[in-house]
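The values are calculated or read from the model by the stated rules, or taken from the named source; none is laboratory data. The structure presented is a predicted model; accordingly, all values stated were derived computationally and were not measured. Cβ placement follows ideal geometry from the backbone for every residue including glycine, while neighbour counts extend to all protein chains displayed.
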């Protein structure tokens, strides 16, 4: 089916859900899941109806006690599984403990895929990484440079996705009614931000990175003079998910304050360049950039 256009929605949460439906994984691996392959034919119609009456989605999102983007993303994914795909969710955030009682990890989701009639263990994350060219190749850092794409990917594949195969997990799975083989699935969409400063080359992609990833650019704060920021607006979470829309332009003073705060706080910030919607109704995101302090990412 056609991937839902996440510019088409008036309700921000529905726009985020539509983005989730079509977002590609950041990495290529036999365990990664492509959601468009599993969406029902009536997805667009159901999302359109949800956009007009978004209460079921808003109620589901309001249950989260956390304002962290990861928790918001997890609630979106749960809603997609249960409301849109109508897959049974047998367990969520199921803690796995050793015989001595120590926590070994948890399973994000245990589901039954009605198409294949198989049980699946889903590990999910939404991530944002900036490519930094180095002598040994490109490393992809999160806004917090302690977070790196290679490290996160290794942990997801070697630890989190193997959790369902551990003997300690059998008790938890049995309580969910799972006695057969369970298949691990990784879903990790997000954005990779490429350096757009003229002095930095385009970072080469490792063969395990999806070349069709969502992308943006990044620049140092001291390089802002190279760019026209009059149509920029700061992006706050959860609007990092999908193309941002707004009714009116952000006041220039607010954007300037947000840009100045990058240098003052020493923390990267995400901005969107806005343009007119094709229908002439408000503004939509046309590009996005991270602005980082000049010392970023630093070295431990």
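Regarding segment 192-201, can at least one residue be identified that is modelled with pLDDT of 95 or more and either under 30 Å from residue 164 (Cα atoms) or crowded, with 16+ Cβ neighbours inside 10 Å (or both)?
Yes - at least one qualifying residue is present in segment 192-201.
Is segment 180-192 home to any residue that is more than 26 Å from residue 74 (Cβ to Cβ) and either out of contact with any strand residue (DSSP E or B) (no Cβ under 6 Å at 6 or more places or on another chain) or touching a residue at least 12 places away in the same chain (Cβ under 8 Å) (or both)?
Looking through segment 180-192, none of the residues is more than 26 Å from residue 74 (Cβ to Cβ) and either out of contact with any strand residue (DSSP E or B) (no Cβ under 6 Å at 6 or more places or on another chain) or touching a residue at least 12 places away in the same chain (Cβ under 8 Å) (or both).
For the subset of segment 231-253 comprising residues that are more than 28 Å from residue 189 (Cβ to Cβ) and surrounded by 12 or more Cβ atoms within 10 Å (Cβ to Cβ), which member is farthest from the chain's Cα centre (by Cα)?
252
Out of all the residues in segment 143-190, which are closer than 29 Å to residue 206 by Cα, loosely packed, with under 13 Cβ neighbours inside 10 Å and more than 22 Å from the chain's Cα centre (by Cα)?
165
Give me a count of the residues in segment 228-276 that are touching a residue at least 40 places away in the same chain (Cβ under 8 Å), assigned to a loop (DSSP other than H, G, I, E, B) and farther than 24 Å from residue 10 by Cα.
3
Would you point out which residue out of 47, 58, 17 is within 28 Å of residue 279 (Cβ to Cβ), surrounded by fewer than 19 Cβ atoms within 10 Å (Cβ to Cβ), touching a helix residue (DSSP H, G or I) at 6+ places or on another chain (Cβ under 7 Å) and in contact (Cβ under 8 Å) with a residue 40 or more places away in the chain?
58
Counting just the residues of segment 92-142 that are touching a strand residue (DSSP E or B) at 6+ places or on another chain (Cβ under 7 Å) and assigned to a loop (DSSP other than H, G, I, E, B), which one comes out surrounded by the fewest Cβ atoms within 10 Å (Cβ to Cβ)?
So, considering only residues that are touching a strand residue (DSSP E or B) at 6+ places or on another chain (Cβ under 7 Å) and assigned to a loop (DSSP other than H, G, I, E, B), the one surrounded by the fewest Cβ atoms within 10 Å (Cβ to Cβ) is 98.
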